[in-house]
Amino acid sequence: MSESVSLVIPGKNCARTIGRCLDAVVPMLARPECRLQEIIFVDDGSTDDSAKIVSGYSQVRCLQGPAGGPGAARNVGWRAAKGELVWFVDSDCVAEADALVILLRHFDSPRVAAVGGSYANGCPESLLGTLIHEEIVARHAAMGREVNFLAGYNVVYRRSVLEQVGGIDETLFNGPGSPGAEDAELSFKAQAAGYVLRFDAASRVAHYHPTRLARYLRAQRHHGYWRVNLHLLYAEHSKGDAYSGIVDHAQPPLALASMCSLPLVFWCPGQVAFAVTTSLLALAQLPLTIRLYERTKNAGLLLFAPLGFVRAYARAMGMLYGMWHYATGYTKLRRP
């Protein structure tokens, strides 16, 4: 296969990491095996020095996004791209030297719509960042070669497929300044069109995971909000996908049930409901926590259990908000 590649990097207020991101990919322009034709950075309404930093790289084209979220910024980028293949990398990720080449090896059939890769840890000194990273690595280790979900931080899509499915959602699964579910929805659309998605954990980009708990929980609350729309429109995936299973998807509803029963703890049935839902939520953290410890023998990773417990409540709060918007007609869902 000899299709050329365009790299699209969406970013907003990414001055802290965009220089390292570009330093890793600009040299790939001179490597024939990468087939990288151009690098496009889409500034999605930054108020810091992101655009100024990017302007210092003569090899990078900087476009202005609509401040509509990462999905909207990616659409601006791929629609302006010249390559037959579009590589999406996030602005807080630093690609390893062979990250792109590994992904390109999988495009051995026109049925392959996209190929995604994994993470390296950009902040190993942070306990929170390490907990987040090790969970992702454990989940990726359980994924097969062909999958039904690919995240958007390190993934190559055929431009023709993006055109065929109408690009990335900018409204129902994604919003300004919000991590959403637009990458999952794009995966589902590509599969529904008859294409194959592949995953290779050997392709890695070092990600600067959140190091502050408040920021992380805010992002999880946003994920909970957008996944209401995702699971309502794509109910066939609501019980799990290649990345997460039924135990994971059940946790926000359990947390929501626990929250709703809390005001009733002075009433006996309310006490029972609160005790049961909270206990089930706590038990749901054990399988993955045990896997993390057994894989690494790092006792610090046992802290994943309380992190996952608290995270479920953050997702539940977002889910409650999303359900309210759907019930009141604020969100009008229509499957493409």
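Counting only helices (runs of 4 or more DSSP H) that sit completely within the range 170-270, those holding 2 or more residues that are in contact with a Lys or Arg (Cβ under 6 Å, 6 or more places away or on another chain) correspond to 213-233, 246-261. Per the listing Gly68, Gly77, the residue uniquely part of a loop (DSSP other than H, G, I, E, B) and not β-branched (Val, Ile, Thr) is Gly68.
Among residues of the range 1-32 being open to solvent by 30 Å² or more (accessible area, probe 1.4 Å) and assigned to a helix (DSSP H, G or I), the one that is nearest to Ser109 (Cα to Cα) is Pro32.
The single condition from (1) within 18 Å of the chain's Cα centre (by Cα); (2) hydrophobic (A, V, I, L, M, F, W, C); (3) more than 24 Å from Arg159 (Cβ to Cβ) that Ala51 fails is (1).
On the stretch given as the range 309-328, residues that are part of a helix (DSSP H, G or I), over 18 Å from Leu281 (Cβ atoms) and open to solvent by 70 Å² or more (accessible area, probe 1.4 Å) total 5.
Does Leu230 meet the test of being touching a His at 6+ places or on another chain (Cβ under 8 Å) and surrounded by 19 or more Cβ atoms within 10 Å (Cβ to Cβ)? In short, yes.
Conditions (1) among the β-branched types (Val, Ile, Thr); (2) closer than 20 Å to Ala142 by Cα; (3) modelled with pLDDT of 95 or more; (4) open to solvent by less than 80 Å² (accessible area, probe 1.4 Å), marked per residue:
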{"site": "Cys260", "(1), (2), (3), (4)": "no, no, no, no"}
{"site": "Leu283", "(1), (2), (3), (4)": "no, no, yes, no"}
{"site": "Ile290", "(1), (2), (3), (4)": "yes, yes, yes, no"}
{"site": "Leu307", "(1), (2), (3), (4)": "no, no, yes, yes"}
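Counting the residues of the range 115-169 that are part of a helix (DSSP H, G or I) and open to solvent by less than 30 Å² (accessible area, probe 1.4 Å) gives 13. Are any residues in the range 33-48 surrounded by fewer than 16 Cβ atoms within 10 Å (Cβ to Cβ) and either over 16 Å from Cys21 (Cβ atoms) or in contact with a helix residue (DSSP H, G or I) (Cβ under 9 Å, 6 or more places away or on another chain) (or both), and if so, which ones? Residues satisfying the conditions are Glu33, Thr47.
The values are calculated or read from the model by the stated rules, or taken from the named source; none is laboratory data. Keep in mind the model is a prediction, meaning the values are calculated, not measured. Using ideal geometry, Cβ is built from the backbone for each residue, glycine included, and neighbour counts are taken over all protein chains shown. All accessible areas refer to the heavy atoms of the entire protein, side chains included, with ligands and DNA or RNA removed. Shrake-Rupley method; radii C 1.70, N 1.55, O 1.52, S 1.80 Å.
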